[in-house]
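The values are calculated or read from the model by the stated rules, or taken from the named source; none is laboratory data. Model, not experiment: these values are computed from the prediction. FYI the Cβ positions are ideal-geometry reconstructions off the backbone, even for glycines, and counts take in every protein chain you see.
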Amino acid sequence: MAYVDGFLVPVPKKKLKAYFAMARKFSKVARDHGALEVRECVADDVKKGKWTSFPRSVKMKPSETVIFSYIVYKSRADRDRCMKKVMKDPRLAKMMDPKNVPFDGKRMIFGGFKVMVSG
């Protein structure tokens, strides 16, 4: 069964162009190393909830938006192999420095998920 890494990231609206340039580069490298699919999605209908919501989960500021992204792999083992290679890929070396990313990585939420229903 497939495996998915999911991410929520608060991104300043003025840095969206830089974020998506970085995301396109990351997507290419991830697919080169075995990822099946990479999707980057910008918030469109995401309201701030009273207790929980995407904006609250990343402590979104008024000048930011939320990005939801996911990467699909054949399996957890494939994900582990792929990400090990991605993290060492020289094409992404500059991007791996937290000072060079267009968002606050401390507020990024991420995790790996087993796919249980696919249709």
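For A93, the conditions (1) at pLDDT below 95; (2) of a type in the set (A, V, I, L, M); (3) in contact with a helix residue (DSSP H, G or I) (Cβ under 7 Å, 6 or more places away or on another chain) all hold with the exception of (3).
Among the residues of the stretch 72-82, none qualifies, meaning not one is over 16 Å from P12 (Cα atoms), without any contact (Cβ under 8 Å) to a residue 60 or more places away in the chain, of a type in the set (K, R) and in a strand (DSSP E or B).
Scanning the stretch 40-51 for residues that are part of a strand (DSSP E or B) and surrounded by 13 or more Cβ atoms within 10 Å (Cβ to Cβ) turns up E40, V42.
Of the residues making up the stretch 109-119, those that are under 15 Å from Y3 (Cα atoms) and either under 16 Å from the mean Cα position of the chain (by Cα) or surrounded by 15 or more Cβ atoms within 10 Å (Cβ to Cβ) (or both) are F110, G111, G112, F113.
Just to check your reading of the model, which residue among K94, K84, K106, K74 is out of contact with any Asp or Glu (no Cβ under 9 Å at 6 or more places or on another chain), surrounded by fewer than 12 Cβ atoms within 10 Å (Cβ to Cβ) and more than 16 Å from F7 (Cβ to Cβ)?
Numbers: K94 fails: surrounded by fewer than 12 Cβ atoms within 10 Å (Cβ to Cβ); K106 fails: more than 16 Å from F7 (Cβ to Cβ); K74 fails: surrounded by fewer than 12 Cβ atoms within 10 Å (Cβ to Cβ).
Going through K94, K84, K106, K74 in turn, just one is out of contact with any Asp or Glu (no Cβ under 9 Å at 6 or more places or on another chain), surrounded by fewer than 12 Cβ atoms within 10 Å (Cβ to Cβ) and more than 16 Å from F7 (Cβ to Cβ): K84.
Count of the stretch 12-27 residues, restricted to those that are assigned to a helix (DSSP H, G or I) and surrounded by 14 or more Cβ atoms within 10 Å (Cβ to Cβ), is 10.
Which of the residues that make up the stretch 83-109 are part of a loop (DSSP other than H, G, I, E, B) and either in contact with a strand residue (DSSP E or B) (Cβ under 6 Å, 6 or more places away or on another chain) or without any contact (Cβ under 8 Å) to a residue 12 or more places away in the chain (or both)? Walk me through it before giving the result.
First pass over the stretch 83-109, keeping only residues part of a loop (DSSP other than H, G, I, E, B): 89, 93, 97, 101-104, 108.
Those that are part of a loop (DSSP other than H, G, I, E, B) and either in contact with a strand residue (DSSP E or B) (Cβ under 6 Å, 6 or more places away or on another chain) or without any contact (Cβ under 8 Å) to a residue 12 or more places away in the chain (or both): A93, D97, F103, M108.
The lone criterion from (1) modelled with pLDDT of 95 or more; (2) in a loop (DSSP other than H, G, I, E, B); (3) touching a Phe, Trp or Tyr at 6+ places or on another chain (Cβ under 7 Å) left unmet by S69 is number (2). A count restricted to the stretch 52-71 and to residues that are surrounded by 14 or more Cβ atoms within 10 Å (Cβ to Cβ) and touching a strand residue (DSSP E or B) at 6+ places or on another chain (Cβ under 8 Å) stands at 13.
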